[in-house]
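Please read the structure below before turning to the comments.
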Amino acid sequence: MEPTRDCPLFGGAFSAILPTGAIDVSDLRPVPDNQEVFCHPVTDQSLIVELLELQAHVRGEAAARYHFEDVGGVQGARAVHVESVQPLSLENLALRGCCQEAWVLSGKQQVAKENQQVAKDVTLHQALLRLPQYQTDLLLTFNQPPADNRSSLGPENLSPPPWSRGEFEQLVTSLTLHDPNIFGPQ
């Protein structure tokens with residue numbers, strides 16, 4: 001089993017520890033320049049790291065909810081439901097030196113995959129790290145679609161197990177900035 005690894009993100013401007021087996025989606029299809037997207041090799045789980053414009057008009061918990069609802073709108077969610085929003089201790093973050101506030105949100109969105117009519121409840125965990133000195137909201141999203149009824153993850157199959165929320169939290173806390181020039185001239 002491949003160990004977790006400290007992976008360069010955004011051309012090495014950041015790095016983070018990714019879960020075992022994470023596949024870089026940019027090797028499979030185009031990904032916007034402001035995103036790093038990884039998928040699980042077997043499940044439909046995905047991890048997204050996004051550099052977004054700072055939404056200074058919303059603060060605190062409202063900022064986390066704003067980004068959750070925005071993602072739902074972009075994905076064409078038929079329903080969005082926030083289950084919890086909690087502050088994230090800056091002391092636990094590798095980015096504590098430049099992050100002014102951090103939030104973790106868990107919720108569900110009802111989303112239909114491309115070319116499908118039936119919408120499924122997808123659990124999302126999001127971490128919002130606010131970097132106002134760089135005019136940036138850093139949004140990390142862990143998508144957990146419902147498990148299929150297929151037995152592809154049985155004991156006879158040596159594929160990696162589904163990712164856990166703990167692995168997402170490790171990604172969030174290990175995210176490290178190496179080159180502030182990614183944000184442009186300050």
Using the structure shown, decide if residue 71 is of a type in the set (A, V, I, L, M), in contact with a Pro (Cβ under 6 Å, 6 or more places away or on another chain), at pLDDT 85 or above and farther than 21 Å from residue 17 by Cβ. no
Does the range 29-52 hold any residues that are surrounded by fewer than 16 Cβ atoms within 10 Å (Cβ to Cβ) and either under 19 Å from residue 123 (Cα atoms) or in contact with a strand residue (DSSP E or B) (Cβ under 7 Å, 6 or more places away or on another chain) (or both), and which are they? 31, 34, 41, 52
Looking only at the range 53-88, how many residues end up being of a type in the set (Gly, Ala, Ser), touching a residue at least 24 places away in the same chain (Cβ under 8 Å) and surrounded by fewer than 19 Cβ atoms within 10 Å (Cβ to Cβ)? 4
Take the residues of the range 89-109 that are free of Cβ contacts under 8 Å to residues at least 24 places away in the same chain and either closer than 23 Å to residue 184 by Cβ or hydrophobic (A, V, I, L, M, F, W, C) (or both): which is surrounded by the fewest Cβ atoms within 10 Å (Cβ to Cβ)? 97
If we scan the range 25-45, do we find a residue that is out of contact with any Cys (no Cβ under 9 Å at 6 or more places or on another chain) and either among the small types (Gly, Ala, Ser) or on the phi > 0 side of the Ramachandran plot (or both)? yes
Output yes when any residue across the range 118-128 is farther than 23 Å from residue 38 by Cβ and either buried (at least 16 other Cβ atoms within 10 Å of the Cβ) or at pLDDT 95 or above (or both), and no when none is. no
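The values are calculated or read from the model by the stated rules, or taken from the named source; none is laboratory data. Predicted model only: the values in this text are computed from it and were never measured. All Cβ positions, glycine included, derive from the backbone under ideal geometry; neighbour counts span all protein chains shown.
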